[in-house]
């Protein structure tokens, strides 16, 4: 590295230092941006292109999928749990499909629960809105979910058209169990896979292509240097 050339390009690093400031500190603050600029100018042709391609590939292959999946896990952890037999008032902030879950393996208020995946016969489930109207409860046991040491399966769902408060009640002859109530994440997951997955793949593909072009430029530059060197 031509340090003499870099030093000459920087000029006088102590010019314009404010009174009371350390010249060494102030010059270091001014040198850093200029050094970055000079190093960027001295990069071989193709190196910046290669770095840009690698950055895009990492964004498309790892960063974007992580940012898409993280909110889904955060939403999963925000489920409203309650003990049955019993009831729970929940606040619905937006319309959609809301599921009632059997959390057969979970920890609730510091106590671990390990129950059967099948709920007892004869349980009565009712979901009413703040006007006292009972919403239609549709049975659906086709969905299951696991996260760490917690596992649950779906019992059924209600379609909520208006935001507000709901009362979820489960009565009947049953040992103490944990149920939960939450909005379905599957439409969000579908949109994340369809839209975000497409954007992720496209970004990674563009990054791969840009990286390959950077390698080609580096190879061409190296061949050019080898061709010029004997005549220097």
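The values are calculated or read from the model by the stated rules, or taken from the named source; none is laboratory data. The structure presented is a predicted model; accordingly, all values stated were derived computationally and were not measured. Note that each Cβ is placed from the backbone with ideal geometry, even for glycine, and that neighbours are counted across all protein chains shown.
Checking 195, 214, 224 one by one, the residue that is assigned to a helix (DSSP H, G or I) and either under 27 Å from the mean Cα position of the chain (by Cα) or modelled with pLDDT of 85 or more (or both) is 195 and no other. Residue count for the range 170-192, restricted to those that are within 30 Å of residue 131 (Cα to Cα), at pLDDT 75 or above and loosely packed, with under 15 Cβ neighbours inside 10 Å: 4.
Each residue in the range 68-91 was checked for being within 27 Å of the chain's Cα centre (by Cα), at pLDDT 90 or above and over 18 Å from residue 137 (Cβ atoms), and 2 of them qualify.
Suppose we keep only residues that are in contact (Cβ under 8 Å) with a residue 60 or more places away in the chain and outside any loop (DSSP other than H, G, I, E, B) within the range 108-144. Which one would you say is farthest from residue 167 (Cα to Cα)? Taking the candidates together, the pick is 113.
Does residue 149 fit the bill of being in contact with a strand residue (DSSP E or B) (Cβ under 9 Å, 6 or more places away or on another chain) and exposed (fewer than 12 other Cβ atoms within 10 Å of the Cβ)? Spelling it out, residue 149 is indeed in contact with a strand residue (DSSP E or B) (Cβ under 9 Å, 6 or more places away or on another chain) and exposed (fewer than 12 other Cβ atoms within 10 Å of the Cβ).
Residues in the range 159-172 that are assigned to a strand (DSSP E or B) and over 12 Å from residue 101 (Cα atoms): 8 in all. Looking across the range 92-102 at every residue that is under 25 Å from the mean Cα position of the chain (by Cα) and in a strand (DSSP E or B), the one that is farthest from residue 138 (Cα to Cα) is identified as 92. Listed conditions (1) crowded, with 17+ Cβ neighbours inside 10 Å; (2) under 15 Å from residue 152 (Cα atoms) are all met by residue 125, apart from (2).
Of all residues in the range 145-158, those being part of a strand (DSSP E or B) and either at pLDDT below 90 or in contact with a helix residue (DSSP H, G or I) (Cβ under 7 Å, 6 or more places away or on another chain) (or both) number 4.
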